[in-house]
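Peer 1: First the structure, then my questions, so here it is.
Read-outs throughout are calculated quantities, based only on the coordinates presented, and are distinct from any laboratory measurement. Treat the numbers as computed from the prediction; the structure is a model and nothing was measured. With ideal geometry, Cβ positions are generated from the backbone for all residues, glycine too; neighbour counts draw on all protein chains shown.
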Amino acid sequence: MPAARKARLEIDASVVRMQASDEQRPAGRLLGDELRLHRERLGYTLADAAHVIRASTSKVSRLERGESPAKPRDVHDLAAFYGLSREQQSQLDQLLAQAGNADLYARFADVTPNFLKRLIRLEGSAESISVFEPRVVPGLLQTEAYARALVRMMEVGLSDPEVDRVVALRMQRQVILDKGVPTLAALIAEEVLYRPYGTAGVMAEQMKFLLKATLTNRVNVRIVRKQAMVPPYPIFHLKLPDVDCQELAYVEHLDGANYVTQKRQLDKYRKLLVNVRANAYNREESTTSLDRAIDHWEALASAE
């Protein structure tokens, strides 16, 4: 092990513990974000929206930031003014219901084609992100070649230009890692290191990228032991910069995602991440695991 690696300080990859004093606010933030995007897309001003709901521009601004409780009448009036489709109105209704009754609506099921765009916006505004990925390298840490191989496998029937657009969208997520925030703690199942997406050369490049990420102060990669019992699905946990220390969990599935904002459900996913972290290698062991994976893929690449 090179001395430079050992000299690095160990950074704790545990999920950041946060207080959730107001369970409805993350859902309200998502709702406000959707309303703002529709308004800006159509070129309307805050004053235009304020006139529709018979309110001040400051109230509309607070609504769009999730700082003011949303009234169903206001949301419906704005949806009608923006000419939203039935599907778009349904999305707003689900968020509105969750924001108004967190105990009843624990999750917002996002099954729209734009679910990844919504996650990108949330990631871009987060202070810290914790992610467990049992199946593939987390999107925030994928190389372009690895992402392309993954998209080609999952998105059967797409043309080359369409694949390019999907890959470009996925790579947008990594832009946030060039900024001061957020910090990223990534827990990756050991099996992922040996699950091929692309050629052996693509896999070797991806493993080297992960190894490089382990040596940074803002990205903390831990490899989860192969024999560990872990959830079979990816889990994201985001801390949002707000006075109330908002937090939000995001559980991804094949064609969409669930956004979790209710405290009981958040506690569940936070504990799952803590348990996964307990079954992960430490920093030195994780780098050793990645070194082995690099040797494996480079040997296969040389034989090709």
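Peer 1: If you take the Cα atoms of the stretch 38-90, find Rg, then find the Kirkwood Rh from the mean of 1/r over all pairs, what is Rg/Rh?
Peer 2: A ratio of 0.93.
Peer 1: Sticking with this one: Computed FRET efficiency, Cβ-Cβ of N217 and R292, R0 22 Å: what is it to the nearest 0.05? Could you put the intermediate results ahead of the total?
Peer 2: Details: r = 24 Å, r/R0 = 1.10.
Calculated value: 0.35.
Peer 1: Testing the spin-label approximation: label points 7 Å from Cα along Cα→Cβ at E191 and E162. State their distance in nm.
Peer 2: 3.0 nm
Peer 1: A follow-up question, please. Enumerate the calculated ³J(HN,Hα) couplings along the stretch 78-92 in order (Karplus 6.51 cos²θ - 1.76 cosθ + 1.60, θ = phi - 60°), each rounded to whole Hz, writing x wherever the residue is Gly or Pro.
Peer 2: Going residue by residue, I get 5, 4, 5, 5, 7, x, 6, 6, 4, 5, 5, 5, 5, 4, 5 Hz, with x marking Gly and Pro.
Peer 1: Let me ask something additional. Between H51 and Q172, what length comes free when the chain is fully extended (0.36 nm per residue of separation minus the Cα-Cα distance, one decimal in nm)?
Peer 2: Result: 40.0 nm gained on full extension.
Peer 1: Taking θ = phi - 60°, what integer Hz values does the Karplus form 6.51 cos²θ - 1.76 cosθ + 1.60 yield along the stretch 37-49, in sequence order, with x for Gly and Pro?
Peer 2: 3J(HN,Hα) across the stretch 37-49, in whole Hz: 4, 5, 5, 5, 4, 8, x, 8, 9, 4, 5, 4, 5.
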